[in-house]
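The values are calculated or read from the model by the stated rules, or taken from the named source; none is laboratory data. In this text the structure is predicted, and so the values were computed from the model without any measurement. Because the Cβ atoms are built from the backbone with ideal geometry, glycine has one as well, and the counts that use them run over all protein chains shown.
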Ligand SMILES: Nc1ncnc2c1ncn2[C@@H]1O[C@H](COP(=O)(O)OP(=O)(O)OP(=O)(O)O)[C@@H](O)[C@H]1O
Ligand SMILES: [Mg+2]
């Protein structure tokens, strides 16, 4: 057997121009992602975020790479260090240039973004060969391929290459596609989460206003500062325009304010479609959701569950009986014996019942019931004391109107400004519960019914509380339902947080997309990269990005792009959206 001559394996040698002698010299695994090491020519200055176009002269394939870090190409041995030290101190000493350059060489640690073929980025499974692949700085027409996948929907920002933005290469994002998906906006405080949401809402409002489609997508948006609809100030004292200012005509048709304190926005009444008072009847909740929302003990919850499982009375009747008092103002336990049957009898009551006699006295009813009902009543009372709950329909119910607005594709801003933390969370859960119930009932129906489901995106601030480990642990709870089953009910969750680590890990791994802005702790990034491994090479890119810089990961498989988001309402044409 004769070995083929090496020239058959190795292409003809030609000497590349200086600045192009950037060879791929190896690979490295980091967090399950393969990184390519490119030894840089000493005259080549690259920085984090730069794009490189690599050409493999053995196969003629071209690849697109992004520099995720720069480091020294060679570990300095002791004798090198001595030599360099000598050079530093003794100007008369010489070293030949190539040795010196080699010693000082850098290498770029790169992510492979894909193969470039006919102006597109593709993944064909080919990988660049070692030593025969050289890299040059990517030209502008190559940069374009990075935004190919991000051309429809609402404009969120422009392509970012390291610290530079490319105004002519918009990065867009489909807000309507979010219905039924889970998407996380994450970043340290002040890094532009709300600004990003503002762009999305702005674009979505325009889109819903211009579209003729019958099925529209509603947005239900948490607002802790009432910063989305109305003008606010940033820390430098500049006005940040609200949606009623940037889109005055559209806001009148498509923007709704849901608030416990309508008087607070009296002056804005005519700038929006409606200022709707938040009123959710207690008896519109199911009894199991009532249990999930209160801090009842297991024994107390069991009373409620027994009632629910017996299906003997309506929720409305349950609360009527719960609030009923005897002549001493105490819970009236006798009703419970009479109406709910043997499950609440005492042994005396059971004997009576066996003998065919009527339940007439308190002693006929289980003695523990009185205490338990007392607790349950106080828990119900606490829910009723929330500024957004009412006793029943007659006392006020905003849900039917809310559903109508969402069905029309309105953006509903939920005013949480004056609510306390636990009230904010409760309100989110109650609203989501109603959305779920509405869509769930229709989801299993025929096509007509399914068409009546309301596609909606719910934006949740401080989402780490709602999606925390202990909240979603019980698979039957409303929390788990919200977190895990939105997809089939066309309910999208746009979760916003500064603390991704507090979100249950398994759940985070199921998110469909991420907008990552700079983070506070290294651990936060690691937690995200474990949930979405495609992100892992972007850590330095993100850390070195200017304000408004972020990384967007979305789709299956995840497409990733670095982007620069404009400051809302401050630039020249920053809130223009490209829509399809
Ligand atoms: N894309 C951007 N370009 C320029 N400046 C920005 C950008 N995004 C945010 N800023 C500046 O940072 C300020 C805070 O931004 P924003 O309110 O969006 O942050 P946040 O992440 O929502 O903060 P918090 O966690 O406190 O809610 C803005 O008022 C603006 O001055
Ligand atoms: Mg914010």
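To keep it simple, each residue is scored yes or no on (1) closer than 24 Å to residue 23 by Cβ; (2) outside any helix (DSSP H, G or I); (3) under 33 Å from the mean Cα position of the chain (by Cα).
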{"residue": "80", "(1), (2), (3)": "yes, no, no"}
{"residue": "85", "(1), (2), (3)": "no, no, no"}
{"residue": "92", "(1), (2), (3)": "no, yes, no"}
{"residue": "100", "(1), (2), (3)": "yes, no, no"}
{"residue": "109", "(1), (2), (3)": "yes, yes, yes"}
{"residue": "115", "(1), (2), (3)": "yes, yes, yes"}
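Scanning the range 498-555 for residues that are under 16 Å from the mean Cα position of the chain (by Cα), part of a loop (DSSP other than H, G, I, E, B) and farther than 17 Å from residue 468 by Cα turns up 512, 517, 518, 519, 532, 555.
From the list 206, 198, exactly one residue is in the same structural domain as residue 454 (by TED's automatic domain parsing) and within 16 Å of ligand 2 (Cβ to nearest atom). Which is it? Going through 206, 198 in turn, just one is in the same structural domain as residue 454 (by TED's automatic domain parsing) and within 16 Å of ligand 2 (Cβ to nearest atom): 198. Scanning the range 166-182 for residues that are within 14 Å of ligand 1 (Cβ to nearest atom) and crowded, with 22+ Cβ neighbours inside 10 Å yields one hit, 171. The set of residues in the range 117-137 that are under 32 Å from the mean Cα position of the chain (by Cα) and either on the phi > 0 side of the Ramachandran plot or assigned to a loop (DSSP other than H, G, I, E, B) (or both) comprises 119, 123, 124, 125.
Which helices (runs of 4 or more DSSP H) does the range 387-469 wholly contain that include 3 or more residues that are touching a strand residue (DSSP E or B) at 6+ places or on another chain (Cβ under 8 Å), more than 18 Å from residue 494 (Cβ to Cβ) and more than 16 Å from ligand 1 (Cβ to nearest atom)?
Per the criteria, 399-407.
Can you tell me which residue within the range 210-232, out of those that are more than 16 Å from ligand 1 (Cβ to nearest atom) and surrounded by 16 or more Cβ atoms within 10 Å (Cβ to Cβ), is farthest from residue 264 (Cα to Cα)? Write out each step before concluding.
First pass over the range 210-232, keeping only residues more than 16 Å from ligand 1 (Cβ to nearest atom): 210-220.
Within this subset, residues satisfying the condition of being surrounded by 16 or more Cβ atoms within 10 Å (Cβ to Cβ) are 216-220.
Working: 216: 29, 217: 28, 218: 24, 219: 22, 220: 20 Å.
Step by step, filter the range 210-232, then rank; the result is 216.
Candidates 98, 68: the one that is touching a residue at least 60 places away in the same chain (Cβ under 8 Å) and at negative phi is 68.
Just one of the numbered conditions (1) within 16 Å of ligand 1 (Cβ to nearest atom); (2) surrounded by 15 or more Cβ atoms within 10 Å (Cβ to Cβ) is not true of residue 235: (2).
Filter the range 212-222 for residues that are at pLDDT 95 or above and assigned to a loop (DSSP other than H, G, I, E, B) and give the result. Quick ask: steps written out before the conclusion?
Within the range 212-222, the subset at pLDDT 95 or above is 217-222.
Residue satisfying the conditions is 217 alone.
Restricting the search to the range 239-260, which residues are under 24 Å from residue 397 (Cα atoms) and buried (at least 18 other Cβ atoms within 10 Å of the Cβ)? Break it down into steps so the answer makes sense when it comes.
Keep residues of the range 239-260 that are under 24 Å from residue 397 (Cα atoms), which gives 251-260.
Answer for the range 239-260, where residues must be under 24 Å from residue 397 (Cα atoms) and buried (at least 18 other Cβ atoms within 10 Å of the Cβ): 251, 254, 255, 256, 257, 258, 259, 260.
Contact map, the range 236-247: first residue in the same structural domain as residue 271 (by TED's automatic domain parsing), second residue more than 16 Å from ligand 2 (Cβ to nearest atom) and assigned to a strand (DSSP E or B), Cβ cut-off under 9 Å, separation 6 or more or different chains; pairs are 243/255; 243/411; 244/255; 245/239; 247/255.
Within the range 287-312, being surrounded by 16 or more Cβ atoms within 10 Å (Cβ to Cβ) and assigned to a loop (DSSP other than H, G, I, E, B) holds for 294, 296.
Conditions tested, residue by residue: (1) under 16 Å from residue 367 (Cβ atoms); (2) touching a strand residue (DSSP E or B) at 6+ places or on another chain (Cβ under 9 Å); (3) not assigned by TED's automatic domain parsing to the domain that holds residue 357.
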| residue | (1), (2), (3) |
| --- | --- |
| 293 | no, no, no |
| 312 | no, no, no |
| 322 | no, yes, no |
| 327 | no, no, no |
| 331 | yes, yes, no |
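Residue-by-condition table, conditions (1) in contact (Cβ under 8 Å) with a residue 40 or more places away in the chain; (2) within 16 Å of ligand 2 (Cβ to nearest atom):
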{"site": "453", "(1), (2)": "no, no"}
{"site": "457", "(1), (2)": "yes, no"}
{"site": "461", "(1), (2)": "yes, yes"}
{"site": "465", "(1), (2)": "yes, yes"}
{"site": "501", "(1), (2)": "no, no"}
{"site": "517", "(1), (2)": "yes, yes"}
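Scan the range 183-200 and tell me whether some residue there is over 16 Å from residue 559 (Cα atoms), more than 9 Å from ligand 1 (Cβ to nearest atom) and surrounded by 24 or more Cβ atoms within 10 Å (Cβ to Cβ). The answer is yes; a qualifying residue exists.
The lone criterion from (1) more than 16 Å from ligand 2 (Cβ to nearest atom); (2) modelled with pLDDT under 95; (3) over 18 Å from the mean Cα position of the chain (by Cα) left unmet by residue 256 is number (2).
For residue 155, state whether it is crowded, with 19+ Cβ neighbours inside 10 Å, farther than 30 Å from residue 490 by Cβ and within 16 Å of ligand 1 (Cβ to nearest atom). Let's see the steps before the verdict.
Working: crowded, with 19+ Cβ neighbours inside 10 Å: yes; farther than 30 Å from residue 490 by Cβ: no; within 16 Å of ligand 1 (Cβ to nearest atom): yes.
Judged against the criteria, residue 155 is not a match.
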